[in-house]
Amino acid sequence: HVQLVESGGGSVEAGGSLKLSCAASRDIFSNCVMGWYRQAPGKERELVSDILTSGTTRYADSVTGRFTISQDNAKNTLYLQMNSLKTEDTAVYYCAAVDCSGGYWGYWGQGTQVTVS
């Protein structure tokens, strides 16, 4: 019954912007940590950004200053605003949530393709 539904992926030119959305069930959204992962060809899946219920955020060094994670509690929605996109940002992006009691990233969306050229 719990789920994460992503949207907003697509193709953009280098230097452009894109905003990803993740609609979550209430049970998932109330978890202690939510975030965005990505996986590019030839690379391991990496954590792009996450956010705590306190509002504290963190970013991978590669996206710091360009990406912004945010959440809308009323809509149970997580966002990733991506600016100044680079070809290196091309990847499948996944919305994810931590199983707070276990401390693992236990919930995942289906992934959305972001292509920068």
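Here is a list of conditions, (1) within 18 Å of Ser54 (Cα to Cα); (2) at pLDDT 95 or above, and Gln71 meets all of them except one; can you say which number that is?
So Gln71 meets the others, but not (2).
Would you call Arg45 basic (Lys, Arg), at pLDDT 95 or above and in contact with a Leu (Cβ under 9 Å, 6 or more places away or on another chain)?
no
Taking only segment 93-117 into account, find how many residues are touching a residue at least 60 places away in the same chain (Cβ under 8 Å) and not in a loop (DSSP other than H, G, I, E, B).
15
Can you tell me how many residues in segment 85-117 are in contact with a strand residue (DSSP E or B) (Cβ under 8 Å, 6 or more places away or on another chain), farther than 18 Å from Ser17 by Cα and loosely packed, with under 13 Cβ neighbours inside 10 Å?
Count: 2.
Pick out, from segment 1-76, the strands (runs of 3 or more DSSP E) lying fully within it that include 3 or more residues that are closer than 14 Å to Gly109 by Cα, out of contact with any Ser or Thr (no Cβ under 8 Å at 6 or more places or on another chain) and small (Gly, Ala, Ser).
Of the strands (runs of 3 or more DSSP E) lying wholly inside segment 1-76, none has at least 3 residues that are closer than 14 Å to Gly109 by Cα, out of contact with any Ser or Thr (no Cβ under 8 Å at 6 or more places or on another chain) and small (Gly, Ala, Ser).
Scan segment 75-84 and tell me whether some residue there is crowded, with 18+ Cβ neighbours inside 10 Å, at pLDDT 95 or above and under 22 Å from Ser117 (Cβ atoms).
Yes, segment 75-84 has at least one match.
Do we find a residue being within 15 Å of the chain's Cα centre (by Cα) and at pLDDT 95 or above anywhere in segment 24-31?
no
Any residue in segment 36-64 that's open to solvent by less than 60 Å² (accessible area, probe 1.4 Å) and polar (S, T, N, Q): show its pairings with residues that are in a loop (DSSP other than H, G, I, E, B) and modelled with pLDDT under 95 at Cβ separation under 6 Å, as long as the two are six or more apart or on different chains.
Matching pairs, first to second residue: none at all.
The values are calculated or read from the model by the stated rules, or taken from the named source; none is laboratory data. Keep in mind that what you see is a predicted model, and the values were worked out from it rather than measured. Virtual Cβ from ideal backbone geometry, glycine too; neighbours counted across all protein chains shown. Just so you know, the surface numbers come from the protein's heavy atoms only, side chains and all, with ligands and any DNA or RNA stripped out. Shrake-Rupley method; radii C 1.70, N 1.55, O 1.52, S 1.80 Å.
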